[in-house]
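Colleague: Take this structure first; my questions come after.
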Amino acid sequence: MMAPSHAASGALAGAAAAALLAPAVSGCALFDLAAGVLVGAGAALLPDLDHPTSTASRSQGPVTGVVHRAVAGASRLAWAATRTGRDDGGRDGDGVHRHLSHTPLVAVAVGAGVWLAGGWWPVLLVAVWFAVDLGLRGLAGCVPGGWRWTRSWPAVSLVSAALAGLLVWGGVSASFVGALVAVGMIVHSLGDAFTRAGVPLLWPVVHRGRRWWMVRAPLTFATGDGWQETAVRWACLAGTVPVALMTL
Ligand SMILES: [Zn+2]
């Protein structure tokens with residue numbers, strides 16, 4: 001799926017996580033809900049750091065360009081080290097796009113890493129800023145015509161920094177942000193399972209002779225602006241409203 005659709009599904013999942021988890025981790029429902037929607041939407045763009053032209057890989061210019069190369073390199077290594085003779089490495093045959101960063105295991109590991117490292121507030125602030133920045137960019141694509149201001153790197157960076165500062169100051173915890181990162185990344189992979197290429201949700205478990213078995217939903221559709229993906233996007237956005245009201 002495309003970035004706006006992933007962001008919409010991440011916003012819904014983040015709002016649901018806020019409704020379910022927030023009473024246990026924070027005292028302010030409004031901050032928890034804002035963090036859930038924005039961090040969830042942004043985290044749902046992270047797995048595509050394995051693609052050079054994704055929103056996440058281009059968001060911070062050369063900095064995220066380096067992150068993309070690191071993610072791609074790690075994916076190539078993991079694929080080469082764990083592939084069976086029947087794994088073909090996906091569309092490009094190199095085990096990069098839609099491989100390591102699209103596994104639930106890595107989503108949980110990244111979320112746990114944010115939880116642990118986020119115990120030091122500057123790390124939590126940067127993690128929330130990066131996720132909110134991606135969330136705004138992704139959700140902007142859902143608005144017909146887009147939010148023009150989100151095309152300005154300084155504008156979206158500054159607004160994200162202000163929001164991140166507010167959320168961390170408001171007491172949004174590292175454990176909650178870590179959970180949102182894991183949930184957002186998993187929701188991304190589940191969304192990609194509705195496209196024809198599928199995603200390796202079972203890795204590293206071997207299934208039918210393949211460790212990188214590409215799981216596909218019974219009904220799949222082409223990535224892009226087809227009516228199916230548009231319907232999924234709007235259903236997620238519409239569903240976010242009642243779920244958000246449950247939090248408040
Ligand atoms: Zn993807």
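The values are calculated or read from the model by the stated rules, or taken from the named source; none is laboratory data. All values derive from a computational prediction rather than experimental measurement. For neighbour counting, all protein chains shown are included, and Cβ atoms are generated from backbone atoms with ideal geometry for every residue, glycine included. Only protein heavy atoms, including side chains, enter the accessible area calculation; ligands, DNA and RNA are left aside. Shrake-Rupley method; radii C 1.70, N 1.55, O 1.52, S 1.80 Å.
Colleague: Provide the per residue accessible area, probe 1.4 Å, for the chain, rounded to a whole number of square angstrom.
Modeller: On the way: 11360 Å² over 248 residues.
Heavy-atom accessible area per residue stands at 46 Å².
Colleague: Tell me, what HN-Hα J-couplings in whole Hz come from the Karplus equation 6.51 cos²θ - 1.76 cosθ + 1.60 at θ = phi - 60° for each residue of segment 170-177, using x for Gly and Pro?
Modeller: Once rounded to whole Hz, the list reads x, x, 5, 8, 5, 5, 5, 5.
Colleague: Ignoring ligands, DNA and RNA, what percent of the 1.4 Å accessible area of the chain is carbon and sulfur?
Modeller: 72
Colleague: So if I take the alpha carbon set of segment 4-92, get Rg, then get Rh from the Kirkwood formula, what is the Rg over Rh ratio?
Modeller: Using Cα coordinates only, the ratio equals 1.13.
Colleague: Please state, as a whole number in µm²/s, the translational diffusion coefficient that the Stokes-Einstein equation yields for segment 200-239 at 20 °C and 1.002 mPa s, with Rh defined as the Kirkwood radius across alpha carbon pairs.
Modeller: Values: Rh = 12.3 Å.
Diffusion coefficient, whole number: 175 µm²/s.
Colleague: Something else now. Let me cross-check Trp212: its accessible surface, 1.4 Å probe, with only protein heavy atoms counted, in Å² to the nearest 10?
Modeller: 10
Colleague: Modelling each spin label as a point 7 Å along the Cα-to-Cβ direction, I'd like the Ala109/Ala74 distance in nm, to one decimal.
Modeller: 0.7
Colleague: Measuring from the lowest to the highest alpha carbon on each principal axis, how far does the chain reach, largest first, in angstroms?
Modeller: Extents along the principal axes: 52, 41, 35 Å.
Colleague: Could you calculate the FRET efficiency of Arg58 with Leu158 from 1/(1 + (r/R0)^6), where r is the beta carbon distance between them and R0 is 22 Å, rounded to 0.05?
Modeller: 0.75
Colleague: Still on this model: Give the long-range amide H neighbours of His207: residues separated by 5 or more places, or on another chain, with amide H under 5 Å away, using H modelled in the peptide plane at 1.01 Å from N.
Modeller: Here Trp213 satisfy the definition.
Colleague: Which order do the peptides 82-88, 132-138 come out in when sorted by mean C-beta neighbours inside 10 angstrom, highest first?
Modeller: 132-138, 82-88
Colleague: Run the quick spin-label model on Trp234 and Arg148: label points 7 Å from Cα toward the beta carbon, then report their separation in nm to one decimal.
Modeller: 2.5
Colleague: Could you give each residue of segment 184-195 its phi-based ³J(HN,Hα) in whole Hz, using Karplus coefficients 6.51, -1.76, 1.60 with θ = phi - 60°, and x for Gly or Pro?
Modeller: Running phi through 6.51 cos²θ - 1.76 cosθ + 1.60 with θ = phi - 60° gives x, 5, 5, 4, 4, 5, 5, x, 5, 5, 8, 9 Hz.
Colleague: Please give the solvent-accessible surface of Ser9 in Å², to the nearest 10, using a probe radius of 1.4 Å with every protein chain present.
Modeller: About 10 Å², ignoring ligands and nucleic acids.
Colleague: Whenever you get a sec, line up Trp79, Trp227, Trp234 from highest to lowest accessible area (probe 1.4 Å, protein heavy atoms).
Modeller: Highest to lowest solvent-accessible surface, that is Trp227, Trp234, Trp79.
Colleague: What figure in square angstrom, to the nearest 10, would you give for the accessible area of Arg69 with a 1.4 Å probe?
Modeller: 150
Colleague: A follow-up question, please. Tally Lys/Arg at +1 and Asp/Glu at -1 over every other residue whose Cβ is under 11 Å from the Cβ of Arg69; what's the total?
Modeller: 0
Colleague: Once amide H atoms are built 1.01 Å from N in the peptide plane, which residues 5 or more positions from Phe221, or in another chain, come under 5 Å H to H?
Modeller: Correct list: Thr195, Arg196.
Colleague: Related question: Show me, for segment 151-158, the HN-Hα J-couplings you get by feeding each phi into the Karplus relation (A = 6.51, B = -1.76, C = 1.60, θ = phi - 60°), rounded to Hz, glycine and proline as x.
Modeller: 7, 8, 4, x, 5, 5, 5, 5
Colleague: Percent of alpha carbon pairs in segment 46-103 separated by more than 12 Å?
Modeller: Beyond 12 Å sits 61 percent of the P(r) for segment 46-103.
Colleague: For the pair Phe221 and Leu166, how long in nm is the line joining their label points, each one 7 Å along Cα→Cβ?
Modeller: So the two model labels end up 3.3 nm from each other.
Colleague: Let me ask another. Based on alpha-carbon atoms only, what is the radius of gyration of segment 104-217 relative to the globular estimate 2.2 N^0.38 Å?
Modeller: Cα Rg divided by the expected 2.2 N^0.38 Å: 1.27.
Colleague: Summing +1 for each Lys or Arg and -1 for each Asp or Glu, what net charge is found among the other residues whose Cβ lies under 12 Å from the Cβ of Ala197? Write down the numbers at each step before the final one.
Modeller: Working: positive: Arg91, Arg98, Arg196, Arg216; negative: Asp88, Asp92, Asp192.
With Lys, Arg at +1 and Asp, Glu at -1, the net is +1.
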